[in-house]
Amino acid sequence: METARVSFGLAAAVLIPLGLAWHGPRPWRMVVFTALYGAYAVLPYGDEGKPWIALCVAALLSLGFVLWKHPAGMPALGFSVTLPLMVGRVARNRWVSAAALSAAVGLAAWSAGPTAGELGRELLLSDGVAVFLSAALISVFGGGALAKSATAPVRREILALEDGPERRAAVEFMSAGRAIGLLERGLLFAFLAAGQPEAAALVLAAKSLARVPTSEHGKHASEYFLIGTLASVIASLVMSMAARTAVGLPIL
């Protein structure tokens, strides 16, 4: 439990402000948040050394991201101060940022290297991990090839339409689907492989609400949406069932 609290807590201390983009307009807020939340995560284990080393790693990562985002000078502290920290064409802050990030990586490797190395070796040699990883990649990327092949006739019909609002709307609808398809197949595989088909159904429901074609897209876009979604479901379902069967789990 100690490892889980420290790992999750320090990851949150760095990733939450990054997700809120505080390293840009509010850099010092990011540093303060990382320090305070990181201290909260490691506080129960203050009599041990490694949690505090991990906190130093998180603080160095936070500082490195802040300095990398502000290459021309130190971030302002609420009043206008600019330091001439340029060396040639590369800002000195970038060098300091690189040093901080490198120190974080080195400190983490020194502190958790043996444990992480043993865990990495176990994961690397694990047959179950290899099966699920390969099946996930086949589902996400191979399923993309399946969806592309299945929707090719509809795509040709759309491109053959006369130039007009419907054709432009349908082409725009198609062009926005690749990244969504990758995420869709990844989530479907993850939930199905974990034995949670109900959660996979929620993924499809969310996609339908967010991306369902409207009347302005025309019937071709609706066909493209339906065929592509079914192809993604088939790829994710088949590969998750195959992976679960291969490692001795129930098929669903």
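Figures for the structure shown
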| item | result |
| --- | --- |
| One residue from 187, 202 being of a type in the set (A, V, I, L, M), crowded, with 19+ Cβ neighbours inside 10 Å and either touching a Pro at 6+ places or on another chain (Cβ under 6 Å) or free of Cβ contacts under 8 Å to residues at least 24 places away in the same chain (or both) | 187 |
| Pair list, Cβ under 8 Å, 6 or more apart: region 154-170 residue open to solvent by 80 Å² or more (accessible area, probe 1.4 Å), other residue in a helix (DSSP H, G or I) and of a type in the set (A, V, I, L, M, F, W, C) | 155/174; 159/171 |
| Residues (touching a residue at least 40 places away in the same chain (Cβ under 8 Å) and loosely packed, with under 13 Cβ neighbours inside 10 Å) located in region 231-251 | 250 |
| Which numbered condition residue 228 fails, given (1) surrounded by 17 or more Cβ atoms within 10 Å (Cβ to Cβ); (2) farther than 30 Å from residue 130 by Cβ | (2) |
| Residues (in contact (Cβ under 8 Å) with a residue 24 or more places away in the chain, of a type outside the set (Val, Ile, Thr), more than 15 Å from residue 67 (Cβ to Cβ) and open to solvent by less than 40 Å² (accessible area, probe 1.4 Å)) located in region 11-43 | 12, 13, 38, 41 |
| Search result, residues across region 199-227 that are at pLDDT below 90, touching a helix residue (DSSP H, G or I) at 6+ places or on another chain (Cβ under 8 Å) and under 20 Å from residue 161 (Cα atoms) | 213, 216, 217, 218, 220, 221, 223, 224, 225 |
| Unique residue being at pLDDT 70 or above and either in contact with a His (Cβ under 8 Å, 6 or more places away or on another chain) or surrounded by 12 or more Cβ atoms within 10 Å (Cβ to Cβ) (or both) when the list is 64, 46 | 64 |
| Residue in region 170-191 that is among the β-branched types (Val, Ile, Thr), farther than 16 Å from residue 136 by Cα and at pLDDT 85 or above present | no |
| So residue 144, is it at pLDDT 75 or above, open to solvent by less than 90 Å² (accessible area, probe 1.4 Å), at negative phi and within 22 Å of the chain's Cα centre (by Cα) | yes |
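The values are calculated or read from the model by the stated rules, or taken from the named source; none is laboratory data. Please read these numbers as outputs of a predicted model, since none were measured by experiment. Cβ sites come from the backbone with ideal geometry, for glycine too, and all protein chains shown count toward neighbours. For the accessible areas, the whole protein counts, side chains as well, though only heavy atoms, and no ligand, DNA or RNA atoms are used. Shrake-Rupley method; radii C 1.70, N 1.55, O 1.52, S 1.80 Å.
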